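A.B. asks: Take this structure first; my questions come after.
Where a number appears in this text, it was derived from the coordinates with a stated rule and is not lab data. Nothing here was measured: the structure is a model prediction, and the numbers come from that model. Cβ atoms come from the backbone with ideal geometry, glycine included; neighbour counts cover every protein chain shown.
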Amino acid sequence: MSGHGSAAAKVQVDAIAASPMRPHAVDLASYLPHHLTVIANKWARGSSRIYLKRFGVGVNEWRVLSTIAIEPGCTANRIWQLTTVDTAIISRAAKALEKAGLITAAPDRADPRRTLLNLTPAGVEKHDLIMDVALARQAQLFDGLSEKEIASLTRMILRIRENLNAVNAPEYLDGADPSDPAPE
């Protein structure tokens with residue numbers, strides 16, 4: 001590209017920036033939801049790539065394995081409650097893990113409509129191998145942060161997470177200003 005072309009492009013960009021038709025754009029540098037999304041997406045893609053290559057399971061299967069390790073005998077619905085991963089994805093991952101001999105799926109004796117998921121011995125072994133890598137990656141992610149900073153960050157993220165129900169409340173759907181008092 002010649003110097004002339006780049007100068008013309010700069011003039012055009014400057015004209016757009018000064019235009020009254022320009023939308024009020026988000027400042028990505030300070031918009032926390034953007035950063036959280038980027039971190040979550042990059043973490044999940046990296047996890048899936050690493051876990052598939054090293055252990056033959058992707059991130060969705062890992063989420064199922066790790067949730068069952070936390071709550072043995074849980075249902076797919078419980079995994080959805082804890083992870084918010086789509087139930088169809090959970091179902092496919094559970095079927096793949098069962099086929100691979102890493103989990104069992106058995107009807108609940110108290111309620112045969114429910115299927116209880118448990119790790120097999122091979123599933124426990126696979127879980128523990130992946131867990132070691134997951135914790136090492138987390139430690140590397142927090143490199144340069146003190147234990148106090150990590151604890152503070154965790155508390156803040158948990159507080160933000162608690163606010164999600166209010167942020168996703170119905171009043172945002174109908175365009176009402178949630179800071180306005182409710183009509184009487």
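A.B. asks: Tell me the net charge near A44. Cut-off is 14 Å between Cβ atoms, A44 excluded, with +1 for each Lys or Arg and -1 for each Asp or Glu.
C.D. replies: So the environment of A44 carries a net charge of +3.
A.B. asks: Which residues' amide hydrogens lie under 5 Å from the amide hydrogen of L116, considering only partners 5 or more residues apart or on another chain, with H built in the peptide plane?
C.D. replies: Long-range HN contacts for L116: A106, D108.
A.B. asks: Something else now. What's the extension gain from T154 to T120 if we count 0.36 nm per residue and subtract their Cα-Cα distance?
C.D. replies: 9.1 nm
A.B. asks: A 23 angstrom limit on the alpha carbon distance is what I want to check against. Which of K53/K99; K126/K148; K53/K126; K42/K99; K95/K126 exceed it?
C.D. replies: Going by Cα-Cα distance, K126/K148; K42/K99 fall outside the 23 Å limit.
A.B. asks: Cβ neighbours within 10 Å, averaged per peptide: list 91-99, 161-169 in order, most packed at the top.
C.D. replies: Most protected by this proxy first, the peptides run 91-99, 161-169.
A.B. asks: In addition: Enumerate the amide H contacts of I103 below 5 Å, restricted to partners 5 or more residues apart or on another chain; note that Pro and chain-start residues carry no placed amide H.
C.D. replies: HN-HN under 5 Å from I103: E98, T120.
A.B. asks: Still on this model: If packing is taken as the average count of other Cβ atoms within 10 Å, what order do 39-47, 101-109 fall into, highest mean first?
C.D. replies: So the order, starting with the most tightly packed, is 101-109, 39-47.
A.B. asks: How much of the calculated P(r) for the range 32-104 lies past 15 Å, in percent of all Cα pairs?
C.D. replies: The calculated P(r) of the range 32-104 puts 56 percent of pairs beyond 15 Å.
A.B. asks: Run the numbers on the range 57-142 and let me know its relative contact order in percent, using alpha-carbon pairs under 8 Å that are six or more apart.
C.D. replies: 31
A.B. asks: Also: May I ask you to compute the full-extension gain from A29 to T104, defined as 0.36 nm times their residue separation minus their alpha-carbon distance, rounded to one decimal in nm?
C.D. replies: 22.5 nm
A.B. asks: May I pose another question? Pop out the ³J(HN,Hα) list for the range 68-77 in order, Karplus 6.51 cos²θ - 1.76 cosθ + 1.60 with θ = phi - 60°, rounded to Hz; leave Gly and Pro as x.
C.D. replies: Once rounded to whole Hz, the list reads 5, 5, 6, 10, x, x, 6, 9, 4, 4.
A.B. asks: Sticking with this one: In whole Hz, with x marking every Gly and Pro, tabulate ³J(HN,Hα) for the range 82-89 from phi via Karplus 6.51 cos²θ - 1.76 cosθ + 1.60, θ = phi - 60°.
C.D. replies: Values per residue, Gly and Pro as x: 7, 10, 6, 6, 3, 4, 5, 5 Hz.
A.B. asks: Also: Ordered by packing density, taken as the mean number of other Cβ atoms within 10 Å over each peptide's residues, highest first, how do 139-146, 116-123, 62-69 rank?
C.D. replies: Sorting 139-146, 116-123, 62-69 by mean packing, highest first, produces 62-69, 116-123, 139-146.
A.B. asks: In nanometres, what is the gap between the two model label sites at R49 and R92, each 7 Å from Cα along Cα-to-Cβ?
C.D. replies: 2.0
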